[in-house]
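Just so it is clear, none of the values below were taken in a lab; they were calculated from the coordinates. Bear in mind that the values here come from a model prediction, so they are computed numbers and not experimental data. Here Cβ is always computed from backbone atoms with ideal geometry, including for glycine, and neighbour counts include all displayed protein chains.
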Amino acid sequence: MTEWRAMSDDQIVDLARRLRSLNWPYPATDIPELAESFGWQVKTARPEWVRLDAGFGRSSGMIQIDHDQAVELTLQVTDFVDKDPAGKAQTSDTFVRMATALTAGLGEPTARIPGESAEIRWAGAEATIVLRNLNITVQLALITNARLAALDRTIDLQEKGLI
């Protein structure tokens with residue numbers, strides 16, 4: 001069996017800083033160069049999305065595209081774990097470790113969203129860095145503020161049973 005992998009504190013902070021330095025949204029036509037600059041491989045490209053191997057497997061990265069602009073980049077920063085209490089504890093511990101490292105590297109988060117899929121956010125002028133604990137993996141994302149606000153509205157409506 002292979003050893004479970006997760007980015008180190010230095011790696012996650014470096015990645016978040018590099019993502020934060022991007023002008024986001026990003027031209028969809030420039031995604032191949034973006035991927036190459038980060039050492040990722042484009043696996044599948046469609047007008048609405050691009051699937052990447054970002055170091056944790058064939059579909060460990062996803063870029064969502066809207067009106068020829070990349071608006072959301074989501075990356076796995078750990079391998080997957082089993083869907084059991086031990087796996088959940090492993091991702092939870094890693095999420096806390098990474099959140100601590102990112103807080104030291106980026107400053108205090110602008111939002112902490114508890115719950116089954118906890119998130120911690122660092123908002124910028126145009127885009128937000130998001131660390132997510134999905135219980136089977138941990139993700140780091142860069143999302144335009146407009147898209148993130150729309151996602152938050154959708155979740156709110158779902159929780160209220162309106163959609």
Hey, can you rank 102-108, 12-18, 64-70 by average C-beta count inside 10 Å, highest first? 12-18, 64-70, 102-108
Enumerate by residue number the GluC sites (Glu not before Pro) in region 20-86 meeting two conditions: DSSP loop (anything except H, G, I, E, B), and at most 16 other Cβ atoms within 10 Å of the site's Cβ. Glu48
For the chain, size of Cβ-based charge dipole, Lys and Arg +1, Asp and Glu -1, in debye: 140 debye
Are there any helices in the chain, counted as whole DSSP H runs, that stretch 15 Å or more along their axis by Cα and score at least 0.0 on average by Kyte-Doolittle, and if so which? 85-106
Spelling out what I want: for every residue of region 111-126, take phi, set θ = phi - 60°, compute 6.51 cos²θ - 1.76 cosθ + 1.60 (Karplus), and round to whole Hz; glycine and proline get x. 7, 10, 10, x, x, 4, 10, 5, 9, 10, 10, 10, 6, x, 4, 10
Report the local net charge at Ile163: Lys and Arg +1, Asp and Glu -1, summed over other residues whose C-beta lies under 12 Å from its C-beta. 0
Which whole-number percentage describes the relative contact order of the chain, with Cα contacts under 8 Å and a sequence gap of 6 or more? 22 percent
Hey, can you grab everything whose amide H is under 5 Å from the amide H of Val77? Only 5+ residues off in sequence or another chain; H modelled, so Pro and N-termini drop out. Val138, Gln139, Leu140
Taking θ as phi - 60°, what are the ³J(HN,Hα) couplings along region 43-48 by the Karplus curve (6.51, -1.76, 1.60), each to the nearest whole Hz, with x for Gly and Pro? 9, 8, 10, 10, x, 9
So what's the projected area for region 77-163, the Cα convex hull averaged over all directions, in nm²? 6.2 nm²
Computed from the mean reciprocal separation of all distinct C-alpha pairs, what Kirkwood hydrodynamic radius does region 9-159 have, in Å? 15.7 Å
